[in-house]
Ligand code: ATR
């Protein structure tokens with residue numbers, strides 16, 4: 001039995017185990033995927049346990065997409081550019097290679113509208129934000145990118161990391177500052193709106209920074225409609241939640257492990273959850 005997992009903290013919200021196990025069952029594979037919540041001070045210990053158990057692959061979610069980097073033996077070039085890893089492929093000998101499938105999953109639901117996206121606001125500057133920002137500066141042609149984060153220094157670090165790939169001006173602002181410019185796309189990459197922070201919003205005044213054509217994209221998928229997306233619906237804005245990205249990044253991860261993509265069954269079950 002090959003073993004796979006997701007690591008992160010907390011993990012109660014995660015659909016990844018159900019999604020990957022559905023795909024393993026569909027293909028009749030002898031494999032199991034489980035949630036492995038790791039509290040921050042037990043992170044390294046948890047990784048050692050996975051290595052000892054002979055894990056064949058795992059996903060990484062909040063807050064470890066950058067913290068995993070020093071524990072990998074190899075890094076795929078895209079993950080290296082992004083500076084964050086959400087998928088690890090492990091050999092039976094225990095060599096771990098890091099990949100980023102978030103960037104691919106993120107762009108899928110907005111690909112057709114990408115040409116209209118000029119002014120972008122990204123909320124958050126962690127590992128997920130890195131994949132989102134990289135995807136947008138390389139696939140869209142924005143006029144301006146604004147990074148807003150609780151910890152301003154992290155937003156500045158992300159700006160620096162993006163500079164080799166972006167000719168677009170990047171502005172960094174503190175999460176407590178007001179935002180009064182109109183954006184075509186607003187993306188939430190923070191955990192504000194889920195778990196213990198469900199019912200909260202990462203953006204104090206959505207109306208002050210949107211226009212009638214703004215797309216509001218929340219990477220959160222559980223709850224399916226976060227407070228930010230509810231506020232966007234009240235303003236009649238276009239909304240996208242994190243489910244298509246979850247399925248897209250998961251299918252790519254599954255391919256890296258098995259050479260097969262998710263079957264349609266996964267889409268049928270999880271895209272309407
Ligand atoms: P991931 O790798 O999954 O993106 P992360 O690197 O821990 O996880 O990033 C989480 C993001 O959510 C960060 O932008 C974080 O802000 P800080 O950089 O200031 O930590 C943001 N975040 C998490 N909890 C938050 C909260 N309670 N209020 C505001 N922002 C929060």
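Some observations on this one:
- Inspection of region 82-91 finds a residue satisfying the criterion of being modelled with pLDDT of 95 or more, away from the ligand (no atom under 12 Å from the Cβ) and crowded, with 24+ Cβ neighbours inside 10 Å.
- Some residue of region 22-37 being within 16 Å of the ligand (Cβ to nearest atom), assigned to a loop (DSSP other than H, G, I, E, B) and within 24 Å of residue 269 (Cα to Cα): no
- Scanning region 47-66 for residues that are under 22 Å from the mean Cα position of the chain (by Cα), part of a helix (DSSP H, G or I) and away from the ligand (no atom under 16 Å from the Cβ) yields no hits at all.
- Scan region 252-268 for residues that are in a helix (DSSP H, G or I), under 24 Å from residue 132 (Cβ atoms) and in contact (Cβ under 8 Å) with a residue 40 or more places away in the chain and the total you get is 6.
- Taken as a whole, the condition of being within 22 Å of the chain's Cα centre (by Cα) and closer than 18 Å to residue 235 by Cβ does not apply to residue 190.
- Members of region 95-111 that are out of contact with any helix residue (DSSP H, G or I) (no Cβ under 6 Å at 6 or more places or on another chain), within 17 Å of residue 241 (Cβ to Cβ) and surrounded by fewer than 19 Cβ atoms within 10 Å (Cβ to Cβ): 111
- Applying a threshold of 7 Å to beta carbon distances and a minimum spacing of six or more residues, or different chains, the list of pairs starting in region 179-203 at a residue that is at positive phi and in contact (Cβ under 8 Å) with a residue 12 or more places away in the chain and ending at one that is part of a loop (DSSP other than H, G, I, E, B) and surrounded by 23 or more Cβ atoms within 10 Å (Cβ to Cβ) reads 193/202; 193/220; 193/226.
- Strands (runs of 3 or more DSSP E) fully within region 161-222 counting 1 or more residues that are within 16 Å of the ligand (Cβ to nearest atom) and exposed (fewer than 12 other Cβ atoms within 10 Å of the Cβ): 170-174
- Scan of region 144-158 for residues that are surrounded by fewer than 19 Cβ atoms within 10 Å (Cβ to Cβ) and either in a loop (DSSP other than H, G, I, E, B) or within 16 Å of the ligand (Cβ to nearest atom) (or both), ordered by number: 150, 151, 152, 153, 154, 156, 157
- Residue pairs whose Cβ atoms lie under 6 Å apart, separated by 6 or more positions or on different chains, with the first residue in region 60-78 and closer than 28 Å to residue 12 by Cα and the second more than 15 Å from the ligand (Cβ to nearest atom), are 71/47; 72/96.
- Residues of region 121-138 include at least one that is surrounded by fewer than 24 Cβ atoms within 10 Å (Cβ to Cβ), within 17 Å of the chain's Cα centre (by Cα) and within 16 Å of the ligand (Cβ to nearest atom).
- Qualifying residue in region 67-78 (condition: out of contact with any helix residue (DSSP H, G or I) (no Cβ under 8 Å at 6 or more places or on another chain), more than 13 Å from the ligand (Cβ to nearest atom), assigned to a helix (DSSP H, G or I) and more than 26 Å from residue 144 (Cβ to Cβ)): yes
- Residue count for region 169-183, restricted to those that are within 21 Å of residue 83 (Cβ to Cβ) and touching a helix residue (DSSP H, G or I) at 6+ places or on another chain (Cβ under 6 Å): 2
- Scan of region 92-120 for residues that are free of Cβ contacts under 8 Å to residues at least 60 places away in the same chain, away from the ligand (no atom under 16 Å from the Cβ) and assigned to a helix (DSSP H, G or I), ordered by number: 107, 111, 112, 114, 115
The values are calculated or read from the model by the stated rules, or taken from the named source; none is laboratory data. Since we're looking at a predicted model, the values are computed, not measured. With ideal geometry, Cβ positions are generated from the backbone for all residues, glycine too; neighbour counts draw on all protein chains shown.
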